[in-house]
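Some notes on the structure that comes next.
The values are calculated or read from the model by the stated rules, or taken from the named source; none is laboratory data. Being a predicted model, the structure only gives us computed values, none of them experimental. Cβ atoms come from the backbone with ideal geometry, glycine included; neighbour counts cover every protein chain shown. Note: accessible area is taken over every heavy atom of the protein model, side chains too, but ligands, DNA and RNA are not part of it. Shrake-Rupley method; radii C 1.70, N 1.55, O 1.52, S 1.80 Å.
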Amino acid sequence: MNTTHTRTRSRRGRTLAREGVRDRRREALLVLLGRADRGALTAADARQLRDLAAAEVAECDAFRRSAGGQQAAALKLRHRVEAAEQAMREIEAERDEYAAEVEALRAAAGKGDQ
């Protein structure tokens, strides 16, 4: 049984796989940047550095878009909650008005019985 395949089907497994890829990419970036600092960057290293940097930028952009969508969804839910709370306040105020009217009618009916 292939446990890696099973593990990557779950959300947690996919997250761990992405983190592993990102960690390896960042380690490679640090090695290549170290070589660049020492002036020991080959043409192949430069291509790899460009590819790794492009992957980091693309992933960062994807996460930024995702975060923007999540913020928009959270704001929409916040507005819905605020609207629901306002509706509850209005309903409670209306309930209190009706309760006061009922009390007034009971009091008037009690006086009429005497």
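Remarks
- Flag if residue 100 is surrounded by fewer than 10 Cβ atoms within 10 Å (Cβ to Cβ) and either assigned to a helix (DSSP H, G or I) or at negative phi (or both): no
- Selection within region 28-39 - more than 19 Å from residue 18 (Cα to Cα) and open to solvent by less than 50 Å² (accessible area, probe 1.4 Å): 32, 34, 36
- When residue 2 is tested against (1) at pLDDT 95 or above; (2) loosely packed, with under 10 Cβ neighbours inside 10 Å, just one condition goes unmet, and that condition is (1).
- Residue 73 being within 30 Å of the chain's Cα centre (by Cα), among the small types (Gly, Ala, Ser) and either surrounded by 10 or more Cβ atoms within 10 Å (Cβ to Cβ) or at pLDDT 95 or above (or both): yes
- Residue within region 106-114 that is of a type in the set (Asp, Glu), in a helix (DSSP H, G or I) and either surrounded by fewer than 10 Cβ atoms within 10 Å (Cβ to Cβ) or touching a residue at least 40 places away in the same chain (Cβ under 8 Å) (or both) present: yes
- Any hit, region 18-26, residues being part of a helix (DSSP H, G or I), of a type in the set (Gly, Ala, Ser) and at pLDDT below 95: yes
- Subset of region 37-52 [in contact with a helix residue (DSSP H, G or I) (Cβ under 7 Å, 6 or more places away or on another chain) and in a helix (DSSP H, G or I)]: 45, 48, 49, 52
- Looking across region 48-66, the residues that are loosely packed, with under 12 Cβ neighbours inside 10 Å and not acidic (Asp, Glu) come down to 50, 54, 57, 58, 60, 62, 63, 64, 65, 66.
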